[in-house]
């Protein structure tokens, strides 16, 4: 690659391959917006606030901050690795170079799985808010409830996925222009909603006065804290999109890492403001508008839009969530397709995944494959789970912790020869990645233990084992079989012939 490293200790890894993507297409602002869009704050909040309150009660803010910390620390691991290996395979490429092809393949598989599953989840939320918006606009309860018809739901979801696939297929600049509008709109509406919720909290029969005790962990059990933390981590997930478009970014070894840190920090501030305002207005009870009411838990904004904003302004909140899920639906194709592109390029996946469109300069085959996979997953899960959104959020928590944590530890091992060269290396290559990796590992292990119960999540189970565990760990283990099959068909990657597993020699400045 023709990029010069600015890290004083390393040169850019020589074995990285140019994939044929567009160059210098995304700047710092665009990269940050793409990451925020992928996180989808309006969508993530309406999908997880009820989950967080169900687990942590009035101390939702504590769990949000706790979910931010491992993500923030892991972002530094990504930043350091991106400086020496700005490759769109990110976690796949970096864990392969640190730990070898087998661990790297599983890391890439988990990243692809997580993004394909969240595509289906995003499309599901978009369908729900689409029919609620149209139903309110037409003053028709029948239309508003259409999303509950599984056949209509799945068909509409497939249509949304097809549109998102088309936009992502057309190129990074098309995607970026769309995101500036969608992200700006949803952030503005969230701010208005938060201000109104705080101003009107005294009008709500379930409202609560603000208390600093919401920000203390006192009284939370470990299991409740970890379960809530899993949802919180899901709510932050997506900030690494800026890293997956590193080969298409200006200053690819610097800008993506900075954008990731800007994204995760701005998302924290947004979440704390909106979650606190929502708690002040609705309270944490199980009756009425209380956030622990299971009838509104998976769609908090759907229940609060009209009481907080009034009519017809409530439609703006419906539109904001629709815009958020649609924006993220489009953007999430970026990490999915680019991880598969890298795996195809280095022959960890079939080489057809390495195809890049000659005009649009996008991973054409991988983009279409991601759309088809998400559609198939959503269709199957919709007809097997009574609460598809809740189960996928918990299952995603397992996968996210797996490959983010793996990447954090990969940073430490990759840079092991220079961890104590200077204070900067100690902090950013050892301490921060270690804190991020350990935090994610703890959530991963406790979630595995708890999700084995058939009562976990929505209560759906397969063979007496909770559906969340089957989805989260089961699909990762399926990858082991696919990996062995891939090795039998094309062993080049697993022999280290296409992507080198080593730590480059330390290069110190004079």
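How many of the residues in region 306-318 are touching a helix residue (DSSP H, G or I) at 6+ places or on another chain (Cβ under 6 Å) and either without any contact (Cβ under 8 Å) to a residue 40 or more places away in the chain or not in a helix (DSSP H, G or I) (or both)?
Residues in region 306-318 being touching a helix residue (DSSP H, G or I) at 6+ places or on another chain (Cβ under 6 Å) and either without any contact (Cβ under 8 Å) to a residue 40 or more places away in the chain or not in a helix (DSSP H, G or I) (or both): 1 in total.
For residue 249, which of the numbered conditions (1) out of contact with any strand residue (DSSP E or B) (no Cβ under 9 Å at 6 or more places or on another chain); (2) on the phi < 0 side of the Ramachandran plot; (3) at pLDDT below 90 fails to hold?
(1)
Could you check region 14-54 and list, in sequence order, the residues that are farther than 25 Å from residue 263 by Cβ, at pLDDT below 85 and either in contact with a helix residue (DSSP H, G or I) (Cβ under 7 Å, 6 or more places away or on another chain) or in a helix (DSSP H, G or I) (or both)?
Selection gives 54 alone.
I need the full set of residues from region 238-286 which are in contact (Cβ under 8 Å) with a residue 60 or more places away in the chain and assigned to a loop (DSSP other than H, G, I, E, B), in order please.
Scanning region 238-286 gives 238, 239, 240, 245, 250, 252, 253, 254, 283, 284, 285.
List the number of the failed condition for residue 348; all other conditions in (1) modelled with pLDDT of 85 or more; (2) in a helix (DSSP H, G or I); (3) in contact with a helix residue (DSSP H, G or I) (Cβ under 8 Å, 6 or more places away or on another chain) hold.
Every condition holds for residue 348 apart from (2).
The rows are residues; the columns are (1) surrounded by fewer than 16 Cβ atoms within 10 Å (Cβ to Cβ); (2) in contact (Cβ under 8 Å) with a residue 12 or more places away in the chain; (3) part of a loop (DSSP other than H, G, I, E, B).
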{"site": "408", "(1), (2), (3)": "no, yes, no"}
{"site": "431", "(1), (2), (3)": "yes, no, no"}
{"site": "439", "(1), (2), (3)": "no, yes, no"}
{"site": "455", "(1), (2), (3)": "yes, no, yes"}
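Residue 206 passes all but one of (1) under 30 Å from residue 411 (Cβ atoms); (2) at pLDDT 85 or above; (3) surrounded by 17 or more Cβ atoms within 10 Å (Cβ to Cβ); which number fails?
Status for residue 206: all satisfied but (1).
Return a yes/no flag: does region 352-372 have any residue that is at pLDDT below 85 and under 22 Å from residue 129 (Cβ atoms).
Within region 352-372, not a single residue is at pLDDT below 85 and under 22 Å from residue 129 (Cβ atoms).
Can you give me the ranges of the helices (runs of 4 or more DSSP H) entirely in region 64-153 with at least 2 residues that are more than 30 Å from residue 495 (Cβ to Cβ) and touching a helix residue (DSSP H, G or I) at 6+ places or on another chain (Cβ under 7 Å)? Steps first, answer last, please.
Working: elements: 91-99, 101-137, 141-144.
So the answer is 101-137, 141-144.
When you go through (1) buried (at least 24 other Cβ atoms within 10 Å of the Cβ); (2) outside any helix (DSSP H, G or I) one by one for residue 338, which number turns out not to apply?
(2)
The values are calculated or read from the model by the stated rules, or taken from the named source; none is laboratory data. Please read all numbers here as calculations on a predicted model, not as lab measurements. Reconstructed Cβ throughout: ideal geometry from the backbone, glycine too, with neighbour counts over all protein chains shown.
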